[in-house]
Amino acid sequence: MTTITPSHRSTRPRARSSLTTLMAAAVLSLTSLSAVAATEMPPLPDVTGDVVKGDGNDYNIKFNIGLTQSSAQYRGLEYFKKIVEQRSDNHIKVQTFHSAQLGDDLQSVSALQAGTLDMTAPSTSPMVSMFPQFAVFDLPFLFPTPEIADKVLDGDIGQQMLKDASTKGLVAIGWSENGYRQLTNSEHAVTSPADLDGLKVRTMQNPIHLDIWRTLGANPTPMSFAELFTALEQGVVDGQENPWITIESSKFNEVQPYATETNHVYTPFITLVSERTWKRLPESYQQLLRDAAKQMGDYERHVSRVMNDQIKQELKDDGMKITELTPEQVAVFQKDLAPVYDDWREKIGGDLIDRIRAESKVDSK
Ligand code: TK8
């Protein structure tokens with residue numbers, strides 16, 4: 001992060017900033033144009049809250065994500081940028097990077113720890129070796145509805161996880177949504193685990209996901225998201241699993257004719273700041289980043305949910321052969337995956353799993 005001290009804030013930086021704003025607006029309109037072309041994304045909300053007083057210094061924050069410009073995650077990032085820049089009266093500039101321009105999920109986390117990048121928002125799954133309790137998000141069918149996911153993320157469990165993950169050179173300040181994962185493949189329609197026999201499925205770099213697909217009879221391969229499209233295109237792997245909005249925004253449907261609506265795992269994104277960046281910011285700006293991360297997360301979840309069914313329909317209209325499983329067919333996947341819970345209950349902590357399950361019970365009453 002570059003810090004620009006007050007002396008530099010004579011007229012010149014201001015002039016430069018209007019140019020940057022113009023460019024940002026141009027980029028924004030381009031971005032929104034491409035998004036609008038595909039599916040109507042909910043408009044960026046207005047910024048609420050007063051201008052926050054800083055220490056007179058200017059700050060530049062680099063924020064990198066793995067998904068493309070037309071993802072719900074990038075839309076959330078645009079809102080984060082809008083809030084932070086407006087409420088700091090442009091004393092903080094947020095530079096946004098997408099499509100793993102500055103590295104994939106794990107590379108970005110390491111860059112935060114090294115202080116060469118300021119912010120990122122990876123999936124929790126690749127970080128399980130650093131924070132084992134994140135593995136609870138990888139257990140199949142544990143979050144039956146987005147509302148239960150919200151209760152867990154915004155409730156004591158999720159907030160405690162943010163505190164526990166604020167270590168190892170990282171500060172965890174919020175949650176957003178990757179979403180419910182769906183299987184796609186290049187070979188044939190999948191309606192039961194038997195159809196997965198020997199299918200080469202790419203998974204995130206996560207031991208539970210490997211366990212899930214091995215248990216179902218597939219042949220899983222852990223791989224960075226940044227390599228996935230090429231691996232699918234070249235047939236290195238036959239299939240992968242991600243939310244509908246990622247399948248479309250990463251154009252996986254162009255190399256994957258078949259999809260099955262499995263909703264087998266709910267994956268969140270966690271919003272992280274480099275501890276080195278965090279310590280340089282005055283407390284008022286630290287709080288501003290926390291507030292903006294919360295608002296970004298709420299808006300991004302809204303976008304992700306509004307878009308989910310629309311995009312599934314668009315993928316169908318574009319010729320993707322989507323199998324919607326019956327409740328009986330889903331039950332077969334759930335039964336076959338029950339052993340995964342036995343494998344991981346102890347490592348993750350039975351108490352945490354039971355507390356999350358209890359949320360579902362409360363909800364179903
Ligand atoms: C993007 C990844 C992606 C994830 C995956 O950086 O790796 O499949 O679902 O969203 O975090």
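What to note about this one:
- Residues of the range 57-80 that turn out to be more than 16 Å from the ligand (Cβ to nearest atom) and either of a type in the set (S, T, N, Q) or at pLDDT below 95 (or both), as a count: 2
- Residue within the range 296-313 that is closer than 30 Å to Arg214 by Cα, of a type in the set (Gly, Ala, Ser) and surrounded by 13 or more Cβ atoms within 10 Å (Cβ to Cβ) present: yes
- For the range 212-260, taking the residues that are β-branched (Val, Ile, Thr) and part of a loop (DSSP other than H, G, I, E, B), the one that is surrounded by the fewest Cβ atoms within 10 Å (Cβ to Cβ) is identified as Val236.
- Any hit, the range 184-207, residues being part of a loop (DSSP other than H, G, I, E, B), touching a His at 6+ places or on another chain (Cβ under 8 Å) and in contact (Cβ under 8 Å) with a residue 24 or more places away in the chain: no
- Here Asp309 fulfils each of the conditions (1) under 24 Å from the mean Cα position of the chain (by Cα); (2) part of a helix (DSSP H, G or I); (3) modelled with pLDDT of 95 or more; (4) not hydroxyl-bearing (Ser, Thr, Tyr) apart from (3).
- The range 155-186 - residue that is of a type in the set (Lys, Arg) and on the phi < 0 side of the Ramachandran plot and, of those, surrounded by the most Cβ atoms within 10 Å (Cβ to Cβ): Arg181
- Subset of the range 123-139 (residues that are within 16 Å of the ligand (Cβ to nearest atom), assigned to a helix (DSSP H, G or I) and not hydroxyl-bearing (Ser, Thr, Tyr)): Pro126, Met127, Phe134, Ala135, Phe137, Asp138
- Inter-residue pairs, beta-carbon under 8 Å, first closer than 16 Å to Phe269 by Cβ and free of Cβ contacts under 8 Å to residues at least 12 places away in the same chain and in the range 91-118, second hydroxyl-bearing (Ser, Thr, Tyr) and within 14 Å of the ligand (Cβ to nearest atom), 6+ apart: none
- Boolean, Lys294 is within 21 Å of Asp150 (Cα to Cα), basic (Lys, Arg) and away from the ligand (no atom under 13 Å from the Cβ): yes
- Counted residues, the range 167-183 - those being more than 16 Å from the ligand (Cβ to nearest atom), assigned to a loop (DSSP other than H, G, I, E, B) and either of a type in the set (Phe, Trp, Tyr) or touching a residue at least 40 places away in the same chain (Cβ under 8 Å) (or both): 2
- Where Pro257 falls short, out of the listed (1) in contact (Cβ under 8 Å) with a residue 40 or more places away in the chain; (2) more than 28 Å from Arg305 (Cβ to Cβ); (3) more than 16 Å from the ligand (Cβ to nearest atom): (2)
- Conditions (1) modelled with pLDDT under 95; (2) farther than 24 Å from Trp244 by Cα: number failed by Arg290: (1)
- Matching residues in the range 81-107 - criterion: being on the phi > 0 side of the Ramachandran plot and either assigned to a helix (DSSP H, G or I) or within 13 Å of the ligand (Cβ to nearest atom) (or both): Ser99, Ala100, Gly103
- Failed condition for Ala189, given (1) surrounded by 16 or more Cβ atoms within 10 Å (Cβ to Cβ); (2) touching a Phe, Trp or Tyr at 6+ places or on another chain (Cβ under 6 Å): (1)
- In the range 324-339 there is no residue that is within 27 Å of Leu196 (Cα to Cα) and within 21 Å of the chain's Cα centre (by Cα).
- Of the candidates Leu162, Leu142, the single residue that is touching a Lys or Arg at 6+ places or on another chain (Cβ under 8 Å) and away from the ligand (no atom under 16 Å from the Cβ) is Leu142.
- Residue match in the range 276-289 (condition: within 16 Å of the ligand (Cβ to nearest atom) and either surrounded by fewer than 23 Cβ atoms within 10 Å (Cβ to Cβ) or within 17 Å of the chain's Cα centre (by Cα) (or both)): no
- Top-ranked residue in the range 109-122 [being buried (at least 24 other Cβ atoms within 10 Å of the Cβ) and of a type outside the set (A, V, I, L, M, F, W, C); ranked as nearest to the ligand (Cβ to nearest atom)]: Pro122
The values are calculated or read from the model by the stated rules, or taken from the named source; none is laboratory data. Just so we're clear, the structure is a prediction, and the values are computed from it rather than from any experiment. Quick reminder, even Gly has a Cβ in these numbers, built from the backbone with ideal geometry, and neighbours come from all protein chains shown.
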